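The values are calculated or read from the model by the stated rules, or taken from the named source; none is laboratory data. Only a predicted model underlies this, so the values are computations on that prediction, with no experimental measurement involved. For neighbour counting, all protein chains shown are included, and Cβ atoms are generated from backbone atoms with ideal geometry for every residue, glycine included. Remember, those area values only see protein heavy atoms, side chains included, never the ligands or the DNA or RNA. Shrake-Rupley method; radii C 1.70, N 1.55, O 1.52, S 1.80 Å.
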Amino acid sequence: MARKIRMGMVGGGKGAFIGAVHRMAASLDGKIELVAGAFDIDPERGKLMGDELCLDHSRVYGTYKEMIEKELALPASKRVDFVSVVTPNNWHFPISKDFLEAGFNVLCEKPMTMSLAEAIGLENIVKKSGKTFALMHNYTAYPMVKLAKDMVKCGDLGTVRKVIVIYPQGWLARPIEKQGQQQASWRTDPKQSGAGGCIGDIGSHSENLAEYITGLKITEVCAELTSFIEGRPVDDDANCLLRFDNGAKGVLHTSQISIGEENGLSIWVHGTDASIEWHQEHPNQLLFKKLDAPVEILSRGNPYVAAKSPAAARATRVPSGHPEGFLEAFANNYKNFAETILLKEEAKEVDPLVNDFPSVAEGIRGMAFIEAAIANSKNNEKWTKLKH
Ligand code: NAD
């Protein structure tokens, strides 16, 4: 029987960034309802968030461990179906592990864990639990990115030769962590962010986007990671050369000290017959370029997009010309994740178009990439192989 799916959240307290985005995105299609949470590392602040969201006081918990215990004590028909983990990176593994082992489905923010070893460990926990796990790589959930993937897959580009992916931001160009800026503080502390700074925070999205669209795997990386801000213990800029498993070459550049850049994730994929180009800040268009021909601007919501890519059509809510963006991309992952949970609960087959969201395998690739890039940058060898 159709029903709303019950969501819990860990993290996303007052003043937090991405928790609020998750709450808006999850509610977009009216099928997911936030009913519980442990919203903050400070239990009192967490309770204030619960009040702001008008949640039942008995479902707003001081810690995530209390949340597991008290949710398990509720009848299954009231208990949260899944929990979204939107805390700093160091908490992703322990919180995901404990909820999975307690029998809850989990959607977790990226990067999935603090290390590749932890990521492989989490894969085993997900398998053993039989629960559904999603990783929030939102940039692969845009309709025109799904179209790009399907165009590569059906051979519109010929064989992929070269991939350029860039993700410049400028917000860490000054040491704002020293003034206590919340998002900068934990991102520049390796105990909370992991060994990677910029390479983990947004390099992981770039790696994921390149592998998603091309269907290829990065096999080796030659990276130079820099910390431009004196005393900052993690990188704030990365320039990487990539080798892919079909022989294609790549360049991945990501930065948080590029003044004037906001959220400039962009990708170019060049094949033997044609190229594509996509920019996150203009997500409703995909450029398609053939040799000796004018550039084609493919536009979201048109019948030719749906004909080529059912996944893009499924990820589209409003007609062409009415822009969709960041929130809708998060919502696409939520929609597919929630429908998968319900279908599995009813022991029904899950259509691949529904089971279309990043999961633990993508999390492992992300951590393998981050670790290889850091190792390569430190040891001055030209190339370092990814270990998974
Ligand atoms: P933030 O500092 O704004 O918010 C973190 C929140 O988690 C805070 O409210 C904090 O009190 C809470 N918290 C910390 N530890 C907790 C715990 N043990 N239990 C309960 N709450 C806890 O951070 P942010 O910028 O929102 O980032 C959060 C996560 O989201 C990070 O992993 C980050 O990499 C990821 N993120 C992803 C995207 C994306 O585009 N997918 C964008 C931004 C951030």
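Report the residue count in the range 25-37 for those that are out of contact with any helix residue (DSSP H, G or I) (no Cβ under 6 Å at 6 or more places or on another chain) and open to solvent by less than 10 Å² (accessible area, probe 1.4 Å).
Residues that pass the stated criteria total 1.
Here is a yes/no grid of residues against (1) assigned by TED's automatic domain parsing to the domain that holds residue 77; (2) farther than 12 Å from residue 366 by Cβ; (3) open to solvent by less than 30 Å² (accessible area, probe 1.4 Å):
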position	(1), (2), (3)
97	yes, yes, no
101	yes, yes, no
104	yes, yes, yes
108	yes, no, yes
113	yes, no, yes
124	yes, yes, no
127	yes, yes, no
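Given the criterion within 11 Å of the ligand (Cβ to nearest atom) and in contact (Cβ under 8 Å) with a residue 60 or more places away in the chain, identify the matching residue among 123, 109.
109
Evaluate the following for residue 10: is it under 15 Å from residue 338 (Cβ atoms) and touching a residue at least 12 places away in the same chain (Cβ under 8 Å)?
Judged against the criteria, residue 10 is not a match.
Could you list, in sequence order, the residues of the range 162-179 that are in contact (Cβ under 8 Å) with a residue 60 or more places away in the chain, open to solvent by 40 Å² or more (accessible area, probe 1.4 Å) and assigned to a loop (DSSP other than H, G, I, E, B)?
Across the range 162-179, the qualifying residue is only 171.
Every residue in the range 338-388 that is open to solvent by 80 Å² or more (accessible area, probe 1.4 Å), under 21 Å from residue 108 (Cα atoms) and polar (S, T, N, Q), please.
Answer for the range 338-388, where residues must be open to solvent by 80 Å² or more (accessible area, probe 1.4 Å), under 21 Å from residue 108 (Cα atoms) and polar (S, T, N, Q): just 355.
Residues of the range 83-100 being out of contact with any Gly (no Cβ under 6 Å at 6 or more places or on another chain), under 20 Å from residue 330 (Cβ atoms) and within 11 Å of the ligand (Cβ to nearest atom), which ones?
Residues satisfying the conditions are 84, 85, 88, 91, 92, 95.
Do we have any residue at all in the range 9-24 that's away from the ligand (no atom under 12 Å from the Cβ), open to solvent by 10 Å² or more (accessible area, probe 1.4 Å) and touching a strand residue (DSSP E or B) at 6+ places or on another chain (Cβ under 6 Å)?
Checked against the condition, which is being away from the ligand (no atom under 12 Å from the Cβ), open to solvent by 10 Å² or more (accessible area, probe 1.4 Å) and touching a strand residue (DSSP E or B) at 6+ places or on another chain (Cβ under 6 Å), the range 9-24 yields no hits at all.
For residue 296, indicate whether it is over 24 Å from residue 362 (Cβ atoms) and in contact with a Lys or Arg (Cβ under 9 Å, 6 or more places away or on another chain).
The answer is yes for residue 296.
Of all residues in the range 48-67, count the ones that are under 15 Å from residue 7 (Cβ atoms) and not acidic (Asp, Glu). Break it down into steps so the answer makes sense when it comes.
Our first condition is that a residue be under 15 Å from residue 7 (Cβ atoms); within the range 48-67, this holds for 49-50, 53-56, 59-61, 64, 67.
Next, from what is left, pick out any that are not acidic (Asp, Glu): 49-50, 53-55, 59-61, 64, 67.
Total satisfying the criteria: 10.
For the range 194-216, give me the residue count where each residue is open to solvent by less than 10 Å² (accessible area, probe 1.4 Å) and either under 18 Å from residue 259 (Cα atoms) or part of a helix (DSSP H, G or I) (or both). Don't jump to the end; show me each part of the working.
Of the residues in the range 194-216, the ones open to solvent by less than 10 Å² (accessible area, probe 1.4 Å) are 194, 196-200, 202-204, 206-207, 209-210, 213.
Among the residues that remain, those that are also either under 18 Å from residue 259 (Cα atoms) or part of a helix (DSSP H, G or I) (or both) are: 197-200, 202-204, 206-207, 209-210, 213.
Number of matching residues: 12.
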